[in-house]
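Written below as structure tokens is the structure these notes are about.
The values are calculated or read from the model by the stated rules, or taken from the named source; none is laboratory data. This structure is a prediction, so every number in the text was calculated from the model and none was measured. Cβ placement follows ideal geometry from the backbone for every residue including glycine, while neighbour counts extend to all protein chains displayed.
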Ligand SMILES: [Zn+2]
């Protein structure tokens, strides 16, 4: 499938956030051949020895074409729990509502619940996710079958998964297909014994791999870690074990010290912020401005649909900047352009997808088109600010992943009827009542 998109306002995000008027993107298979001005496209095609036949020639009609968003931290299979338990204290929510129901889940339940999440990602312009949940094999099947790009990470803890399984998934899922990949990961310091943490550090060294984990999400978690590890924060304790020799990615990173940030800089550790989840679970506001000042790679995630409850990158982007401004007591903090970079580029880097970060020759064709002919996108003074401050899911006209159009003007192309997916996910939660 070769696609030409023309007459676009183009945000390549290849090193800057400048918008190219009358832009064009040429895609061969799953790879971008060219992204730039229409004149440049003519020039480019003159240099091609074998003419490319376009299967689709899309007139973008002045709409915005840009790299897709990366939902850099989520638990897709938790869609079945959306709005099943809310407005509770975090501990009670987890132990009384979430864990008992998750214990009743089958791998096939997780397969179908993940597909429901994929539908929602596509409507939100998400072209890749970083996933941590149960049954990684079936999640990988769901992602491959529906065409979603997915980086999974281990969620090992004292109650589920193991070093052996992580090693197995690392080998298997990194070779499975072009859409799936796997990273080492633990659920969090507070759910994982010292022995398992040390074994993870050893495995990370052996595989020369970064380690992914929930870290410093709540004040309580940091306090309890200090009690366990002679006053060390989770970041310090894990660093002492040699966990981050090959880097890592922290989910949340709300309650961190200056010394934690030094460790993160030293080991090139990225942070994925989850503002809606942090608000709803009253965890706090992450120090995004400070991370930016320290040059830490930042991505944005929704976290799971039980703690958010929606998988909407537009809402997350607004919250990253809005909450950051409140935290700093400074309306000039965290410019919209920086937030858009986190959502599209930084998130890709935080989850190891460096070939999906921008629209440029040789990059993967993970592309979205946003409607500029909508009231909330007019007038056009500054498109980047429009996307972050007034944009919404309703503006997503098209989502392309790996060169395939999976969502276009409200229609899904994932090989399954959405109504069947809704029905099957409803059946999971009905069974548990
Ligand atoms: Zn999470």
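Numbers at a glance
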item	result
Given (1) more than 26 Å from residue 347 (Cβ to Cβ); (2) within 16 Å of the ligand (Cβ to nearest atom), number of the condition residue 4 does not satisfy	(2)
Total residues in the stretch 54-86, condition within 30 Å of residue 360 (Cα to Cα) and more than 16 Å from the ligand (Cβ to nearest atom)	16
Per-region count, the stretch 261-281, residues outside any helix (DSSP H, G or I), within 15 Å of the ligand (Cβ to nearest atom) and more than 17 Å from the chain's Cα centre (by Cα)	1
Residue list for the stretch 7-22, filter: buried (at least 18 other Cβ atoms within 10 Å of the Cβ), in a strand (DSSP E or B) and touching a helix residue (DSSP H, G or I) at 6+ places or on another chain (Cβ under 7 Å)	9
Residue 288 vs. criteria at pLDDT 95 or above and in contact with a strand residue (DSSP E or B) (Cβ under 7 Å, 6 or more places away or on another chain)	yes
Elements of type helices (runs of 4 or more DSSP H) contained in the stretch 106-220, each with 1 or more residues being in contact with a helix residue (DSSP H, G or I) (Cβ under 7 Å, 6 or more places away or on another chain), at pLDDT 95 or above and under 30 Å from residue 390 (Cβ atoms)	107-123, 136-146
Of all residues making up the stretch 291-314, the number that are away from the ligand (no atom under 13 Å from the Cβ) and out of contact with any strand residue (DSSP E or B) (no Cβ under 8 Å at 6 or more places or on another chain)	7
Qualifying residue in the stretch 69-88 (condition: assigned by TED's automatic domain parsing to the domain that holds residue 345 and on the phi > 0 side of the Ramachandran plot)	yes
Conditions (1) within 16 Å of the ligand (Cβ to nearest atom); (2) more than 21 Å from the chain's Cα centre (by Cα); (3) on the phi > 0 side of the Ramachandran plot: number failed by residue 190	(3)
Neighbours by Cβ (under 8 Å, 6+ apart or cross-chain): first from the stretch 155-166, without any contact (Cβ under 8 Å) to a residue 40 or more places away in the chain; second in a helix (DSSP H, G or I) and surrounded by 14 or more Cβ atoms within 10 Å (Cβ to Cβ)	157/191; 157/196; 158/191; 158/196; 159/191; 166/200; 166/203
Any hit, the stretch 294-302, residues being in the same structural domain as residue 80 (by TED's automatic domain parsing), assigned to a helix (DSSP H, G or I) and over 17 Å from the mean Cα position of the chain (by Cα)	no
Single residue of the stretch 79-97 satisfying the filter (crowded, with 19+ Cβ neighbours inside 10 Å and in contact with a helix residue (DSSP H, G or I) (Cβ under 7 Å, 6 or more places away or on another chain)) that is nearest to residue 398 (Cα to Cα)	79
Criterion violated by residue 42 - all others in (1) surrounded by fewer than 18 Cβ atoms within 10 Å (Cβ to Cβ); (2) outside any helix (DSSP H, G or I) satisfied	(2)
Those residues of the stretch 390-430 which are in a helix (DSSP H, G or I), touching a residue at least 24 places away in the same chain (Cβ under 8 Å) and within 19 Å of residue 305 (Cα to Cα), in sequence order	393, 418, 421, 422, 424, 425, 428, 429
Check on residue 238, buried (at least 24 other Cβ atoms within 10 Å of the Cβ) and more than 16 Å from the ligand (Cβ to nearest atom)	yes
Residue count for the stretch 325-380, restricted to those that are part of a helix (DSSP H, G or I) and more than 17 Å from residue 275 (Cβ to Cβ)	7
